[in-house]
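The values are calculated or read from the model by the stated rules, or taken from the named source; none is laboratory data. Just so we're clear, the structure is a prediction, and the values are computed from it rather than from any experiment. All Cβ positions, glycine included, derive from the backbone under ideal geometry; neighbour counts span all protein chains shown. All accessible areas refer to the heavy atoms of the entire protein, side chains included, with ligands and DNA or RNA removed. Shrake-Rupley method; radii C 1.70, N 1.55, O 1.52, S 1.80 Å.
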Amino acid sequence: MSTSASQTSTPGERAWALFKVMKDKNLIPEGYLEGMNDLMSNQFDPANGAHVVAKAWVDPEYRDLLLRDGTAACAQFGYTGPQGEYIVALEDTPTVKNVIVCSLCSCTNWPVLGLPPEWYKSFEFRARLVREGRTVLRELGTELPAGMTVKVWDTTAETRYLVLPMRPAGTEHLSEEQLRGLVTKDVLIGVALPGKP
């Protein structure tokens, strides 16, 4: 492709041209794109992370495994795959609120968080969260007690995080399935608190 052509075509047009060349040369296995689309659209889901959190809230042995080896704990439910190889669970406490970010791009733990939301990818969020975490959380609607420390964790190629929030008070009567409904993608990233029953 000439320099002038690359300057006048859009990224989408260039991607489509590359796809056509690869398809014509039989470099894309049959069903590969459909499988990837299903994986990204349907299988990578924050409902998976809600399942993991709720299980940890009701099962102390599972919670211990999650905190010791997040990858193995998530793999028990089949939550594995790209960007799910090195899962580390970060446990919130009454004095520490954990939040995850990828300051370089938008990496996250796809199998249990799903694909990252648009605001997570924004340069402003990535830059500001590291410097002024409490303020960013407040702007997103999460007000924390004055004595609570905000700890920001930067995702790397070797580490994919999942926040294990504190179980809300008054949920002792809820089943594991009901507890899942209290956990959203924002909770798993750490910018929100679990819902109330």
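Brief remarks on what is shown
- Under 5 Å between amide hydrogens, built in the peptide plane, is the criterion, and for GLY114 it picks out ASP45 among residues at least 5 positions away or on other chains.
- Compactness of the chain - radius of gyration and Dmax, Cα, Å: 19.5, 66
- Charge tally in the Cβ shell below 13 Å around PRO145, where Lys, Arg are +1 and Asp, Glu are -1, PRO145 excluded: +1
- Heavy atoms of THR95 accessible to a 1.4 Å probe, total area in Å² rounded to 10: 80 Å²
- Tilt relative to the chain, helix 46-58 - C-alpha long axis, 0 to 90 degrees, to 10: 20 degrees
- Straight-line cross-link partners of LYS121 among the lysines, defined as a Cα under 20 Å from its Cα and at least 8 positions apart when in the same chain: LYS151, LYS185.
- Protein accessible area in segment 69-197, 1.4 Å probe - carbon and sulfur %: 56 percent
- Spin-label model distance (nm) - THR80 vs PHE123, 7 Å beyond Cα toward Cβ: 3.9 nm
- Straight Cα distances below 18 angstrom link LYS25 to none of the aspartates and glutamates, with same-chain residues fewer than 8 positions distant left out.
- Accessible area in the full protein assembly, largest first, 1.4 Å probe, for CYS107, CYS102: CYS107, CYS102
- The C-alpha atoms of the chain define a longest principal axis, and helix 11-24 lies at about 70 degrees to it.
- Karplus (6.51, -1.76, 1.60) ³J(HN,Hα), θ = phi - 60°, over segment 183-197, in Hz, Gly and Pro reported as x: 10, 10, 4, 4, 5, 5, 7, x, 8, 9, 9, x, x, 9, x
- Under 5 Å from the amide H of ILE87 lie the amide H atoms of THR71, ARG160, each residue being 5 or more positions distant or on a separate chain, with H modelled from the backbone and absent for Pro and chain starts.
- Phi-derived couplings, Karplus 6.51 cos²θ - 1.76 cosθ + 1.60 at θ = phi - 60°, listed residue by residue for segment 118-123: 4, 5, 5, 7, 5, 4 Hz, with x used for Gly and Pro.
- In order through segment 174-180: 3J(HN,Hα) via Karplus (6.51 cos²θ - 1.76 cosθ + 1.60), integer Hz, x for Gly, Pro: 7, 6, 4, 5, 5, 5, 4
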